[in-house]
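For reference, the structure is listed below as structure tokens.
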Amino acid sequence: MHYTKRDLEKHIREEHTASPFAQYLKEIVYGGNDGIVTTFAVVAGFAGASAGVQLGSLGYITVILFGLANLFADGTSMGLGNLLAARSEQDRYKKEEAKERHEIQNNTEMEKAESIVLLKEKGFTQDQANTLVAIYSQNEDYWADFMMRYELGISNPFGENPVYTALATFIAFLFFGSIPLIPYLIDPSSTQAFTHAVGATIGALLLLGLLRWKVTGESMIRSIGETILIGGISASVAYIVGIFFRV
């Protein structure tokens, strides 16, 4: 069957173009989960520490203030930390790539021998490996990328924009992390605020699990179950620690 250029472009656009959620899924899940857990940790720790004590409006306002402060401070820290980590990985890649290019240009035969070994480890025969290396040696950029990926085990990190990954982490942290605080923002004087916060936290973890399931297409039970289990364990630890500091 003959495919036109338009057919090929349409296929690539429909089948191989990732949505923003899929492209930044790691950052969304990481930032969202941490936002939910760390914000709820403030609420749960406070609830645990004040269990059995009648709180006034000032006490609930304290929860909101500490929760919001934690939300923005930790969200900013995580976003900037992600930015620095991504930039560091790119700097490391450039350094190692420069070494590989130097070896390719100045110790070509040794690099060819190493490439043949790597290809044979991937299941190619000696003749196939020789042919492929002869082709790779005609394209230094691809050859360097091949050696980085399969000799050093370092993938090219320049496909991601560090600023966008940092923003994705920050926004996910704020969005999901604000959910456990909603009951306190709606009715801070309610004696059931913490109970509602627990429900809101479970709902936030459920939403994050559903998003993970929708993007990855893996088992719904696994996506939601793992997300709620990991978040629930962390939240429970925060509550238990608060009990030890009960007022």
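Key figures for this structure:
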{"quantity": "Calculated FRET value between Gln138 and Lys26, using beta carbons and R₀ = 45 Å, to 0.05", "calculated": "0.80"}
{"quantity": "Radius 13 Å from Cβ of Phe175, net charge of other residues (Lys, Arg +1; Asp, Glu -1)", "calculated": "-2"}
{"quantity": "Backbone N under 11 Å from the Leu185 label point (7 Å along Cα→Cβ), restricted to segment 160-178", "calculated": "174-178"}
{"quantity": "Using θ = phi - 60° and Karplus 6.51 cos²θ - 1.76 cosθ + 1.60, couplings along segment 209-220 (whole Hz; Gly, Pro as x)", "calculated": "x, 5, 5, 4, 5, 5, 7, 7, x, 6, 4, 4"}
{"quantity": "Rounded, prolate or oblate (a/c below 1.5 giving rounded, otherwise prolate when a/b exceeds b/c) for segment 112-247 by Cα gyration tensor", "calculated": "prolate"}
{"quantity": "Rounded to whole Hz, the Karplus (6.51, -1.76, 1.60) HN-Hα couplings of segment 109-117, x for glycine and proline", "calculated": "5, 5, 5, 5, 4, 5, 5, 4, 4"}
{"quantity": "Centre separation in Å (Cα based) which lies between segment 77-149 and segment 200-233", "calculated": "37 Å"}
{"quantity": "Length released on extending from Lys95 to Gln126, taking residue separation times 0.36 nm less the Cα-Cα span", "calculated": "8.0 nm"}
{"quantity": "Segment Asn161-Thr76, length gained on full extension (0.36 nm per residue, minus Cα span)", "calculated": "28.9 nm"}
{"quantity": "Mean shadow area of segment 64-109 over all directions, Cα convex hull, nm²", "calculated": "3.2 nm²"}
{"quantity": "Potential lengthening between Phe66 and Ile240 on full extension [0.36 nm per residue; Cα-Cα distance subtracted]", "calculated": "60.8 nm"}
{"quantity": "Cα→Cβ-extended label distance, 7 Å offset, between Glu103 and Lys214, nm", "calculated": "4.5 nm"}
{"quantity": "From phi via Karplus (6.51, -1.76, 1.60), per-residue ³J(HN,Hα) for segment 68-85 in Hz, x at Gly/Pro", "calculated": "5, 4, 5, 4, 6, 5, 5, x, 5, 4, 5, x, 5, x, 5, 4, 5, 5"}
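Here, each number is a calculation from the coordinates, and none is a lab measurement. Small disclaimer: the values here were computed from a predicted structure and weren't measured. Cβ coordinates were reconstructed from backbone atoms using ideal geometry, including for glycine residues, and neighbour counts include every protein chain displayed.
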